[in-house]
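See structure below.
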Amino acid sequence: MTFPKNFLWGGATAANQIEGAYDVDGKGLSVTDITTAGSLTAPRMLTYKLNGKLEKTPAMPGAGLPEGAVGAIDPNSYYPNHVAIDFYHHYKEDIKLFADMGFKTFRLSIAWTRIFPKGDEAEPNQKGLDFYRRVFEECKKYGIEPLVTISHYEDPLYLSEKYNDWQDRAMIDMYVKYAKVLFKEYKGLVKYWLTFNEINSSLLMLNAFGNKVTDDKVYQHAYQKLHYQFVASARAVKLAHEIDPNYVVGNMICGVVDYPLTPDPKDILLNRHMWEEDLLYCGDAQCKGKYPTFAKRLWAEHDVHLDITEQDKQDMLDGKVDMYTFSYYMSNVVTTHEVQDKASGNFAAGAKNPYLNYSEWGWSTDPTGLQYYLEVMYDRYEIPMMVVENGLGAVDKIGEDGKIHDDYRIDYLRQHIEAMGKAIADGVDLIGYTTWGCIDLVSAGTGQMSKRYGFIYVDRDDEGKGTLARMPKDSFYWYQKVIKSNGADLA
Ligand code: BG6
């Protein structure tokens, strides 16, 4: 395997899934702070008050509260993100461990509500700014380049309620104001930025579970939200370049690879259409700065009527991203035929693929899909690419020797690194790889701690019990070797 010199090996996290300290140093409530724990079978719930009554509704990334609802914390529910793994108070220890593994980069996100607690304040919260400065300085101490997601599934609750989850163009200004503060504040400390985590997740969600959707306005909602986010992202990119020409700003797409189940031409066309709606719609808007040719078909199909201005179109063109980044965990199979054997995983639901193995959470392992995705997308956009999430969520058991022998995780990662190597050999300009949940964290989908991705074990369980002590797993030493050999030694 030959990886480019200066390849950015590292790991990825999100503020709400690691930091905890949800109400410390002036932080406001985010949407995640009113999200309860779930499990493989029970969904996470959003808790809120409507007409004075405490209610719950299933939480879905990208979905907001019912109209008129006010997010509220239920004293009888458990909220795993409130403490998470308490990175807020352990960041020095954690970054030291990342440095021990040889990380070149560390992907983390900023909690918008640490900087603007409600979102609409005129001035940022100094304590929030100071926290991330300390974190970035700690990274720099070890030569680790921070890769910063500006928004990772945690809009300020206040804004989300006021503007009904991005249904008002006022959100664009709120986001741009927030991004501008970050770009100015961390100039010289941060080089790589991502505007929105998995921006395509609401479309994926609708397509995967669309048959359960009863409200016919959901597509209008999702597409309008996306449009405002595209404009916000583009304006942020433009601003970033003005503030520091060295800034590299990327999009971030949830990369679920769809395959057709059969050679039936109808399956082939459906597969193509899934790629268009789930992946290329957002990819084109952010990388090409304009909507793709098939956008009109999608809008007509879903009866979507966008609030879109000439200035928006110009902003999108002026704010194309510098790199294409994405998460990759698994592939999915689509078909127009009835199937018995079904599978569902990260924002996808389709037929089971007989050629693949599935994790305990039902996610397929498909490294070839990663190679395929890289090659297709690089050919389409021809800008540097980064895999900013990839990994295996699994239950880890502490062995009799007190250690965690996670050979299943090593195996998963090895196969995906090999796939990246092949894509690079085929000409893809891949510049980095950050595995998801490099330290155990709260699962976004289920709120569990027991769905672990890390090289570093954290002693905390699904009920919030545990010492929060950190311990390297076998994969820690394996990844250390991978980085040291720049991907040559995967044994
Ligand atoms: C991605 C998200 O979809 O998948 C992460 O960007 C998330 O926030 C990751 O944690 C893994 O999903 P889960 O549900 O296993 O946490």
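The values are calculated or read from the model by the stated rules, or taken from the named source; none is laboratory data. Quick caveat, the model's predicted, so the values are computed rather than measured. Positions of Cβ are generated from backbone atoms using ideal geometry, with glycine treated the same way; all protein chains shown enter the neighbour counts.
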Query raised in the report: residue 59 passes all but one of (1) modelled with pLDDT of 95 or more; (2) of a type outside the set (S, T, N, Q); (3) touching a strand residue (DSSP E or B) at 6+ places or on another chain (Cβ under 9 Å); which number fails?
Result: (1)
**Report entry** the stretch 441-491, residues that are touching a helix residue (DSSP H, G or I) at 6+ places or on another chain (Cβ under 9 Å), in a loop (DSSP other than H, G, I, E, B) and under 20 Å from residue 9 (Cα atoms)
**Finding:** 441, 453, 454, 455, 473, 487, 488, 489, 490, 491
Requested in this report: State whether the residues of the stretch 341-363 include one that is over 22 Å from residue 415 (Cα atoms) and either modelled with pLDDT of 95 or more or charged (D, E, K, R) (or both).
Outcome: yes
Query raised in the report: When you scan the stretch 1-77 for strands (runs of 3 or more DSSP E) that lie fully inside it, which ones turn up with 3 or more residues that are more than 17 Å from the chain's Cα centre (by Cα), away from the ligand (no atom under 16 Å from the Cβ) and of a type outside the set (Phe, Trp, Tyr)?
Result: 45-50, 53-58
**Report entry** Single match in 153, 132, 163, 158 (criterion: out of contact with any Gly (no Cβ under 7 Å at 6 or more places or on another chain) and over 21 Å from residue 84 (Cα atoms))
**Finding:** 163
Query raised in the report: Can you pull out the residues in the stretch 381-416 that are more than 16 Å from the ligand (Cβ to nearest atom) and either modelled with pLDDT under 95 or more than 27 Å from residue 4 (Cα to Cα) (or both)?
Result: 397, 398, 399, 400, 401, 402, 403, 404, 405
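If I ask for residues that are among the aromatic types (Phe, Trp, Tyr) and within 16 Å of residue 226 (Cα to Cα), which ones from the stretch 297-324 would you list? Explain how you work it out, then say what you get.
Initial filter on the stretch 297-324 (among the aromatic types (Phe, Trp, Tyr)): 299, 324.
299 - this is the single residue of the stretch 297-324 that is among the aromatic types (Phe, Trp, Tyr) and within 16 Å of residue 226 (Cα to Cα).
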Report summary line: Cβ pairs under 8 Å, 6+ apart or interchain, first in the stretch 346-367 and under 24 Å from residue 43 (Cβ atoms) and touching a residue at least 24 places away in the same chain (Cβ under 8 Å), second surrounded by fewer than 18 Cβ atoms within 10 Å (Cβ to Cβ) and among the acidic types (Asp, Glu), ordered by first then second residue, are 351/341
Query raised in the report: Could you say whether any residue in the stretch 417-438 is surrounded by fewer than 22 Cβ atoms within 10 Å (Cβ to Cβ), within 16 Å of the ligand (Cβ to nearest atom) and either within 14 Å of residue 391 (Cβ to Cβ) or modelled with pLDDT under 95 (or both)?
Result: no
Requested in this report: Output the residue which, of all residues in the stretch 359-380 that are surrounded by 15 or more Cβ atoms within 10 Å (Cβ to Cβ) and not in a helix (DSSP H, G or I), is farthest from the ligand (Cβ to nearest atom).
Outcome: 366
**Report entry** Condition check for residue 322: surrounded by 19 or more Cβ atoms within 10 Å (Cβ to Cβ), of a type in the set (Asp, Glu) and closer than 22 Å to residue 376 by Cα
**Finding:** no
Report task. Report those helices (runs of 4 or more DSSP H) wholly inside the stretch 189-305 carrying at least 2 residues which are within 16 Å of the ligand (Cβ to nearest atom) and at pLDDT below 95. Result -> 201-209
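Quick check, is residue 44 over 30 Å from residue 189 (Cβ atoms), buried (at least 19 other Cβ atoms within 10 Å of the Cβ) and of a type in the set (D, E, K, R)?
Details: over 30 Å from residue 189 (Cβ atoms): yes; buried (at least 19 other Cβ atoms within 10 Å of the Cβ): yes; of a type in the set (D, E, K, R): yes.
Taking the combined requirement at face value, the residue satisfies it.
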Query raised in the report: Only one of (1) under 22 Å from the mean Cα position of the chain (by Cα); (2) without any contact (Cβ under 8 Å) to a residue 60 or more places away in the chain is not met by residue 147, so which one is it?
Result: (2)
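Is it true that residue 165 is surrounded by fewer than 23 Cβ atoms within 10 Å (Cβ to Cβ) and free of Cβ contacts under 8 Å to residues at least 24 places away in the same chain?
Values: surrounded by fewer than 23 Cβ atoms within 10 Å (Cβ to Cβ): yes; free of Cβ contacts under 8 Å to residues at least 24 places away in the same chain: no.
For residue 165, the condition - surrounded by fewer than 23 Cβ atoms within 10 Å (Cβ to Cβ) and free of Cβ contacts under 8 Å to residues at least 24 places away in the same chain - is not met.
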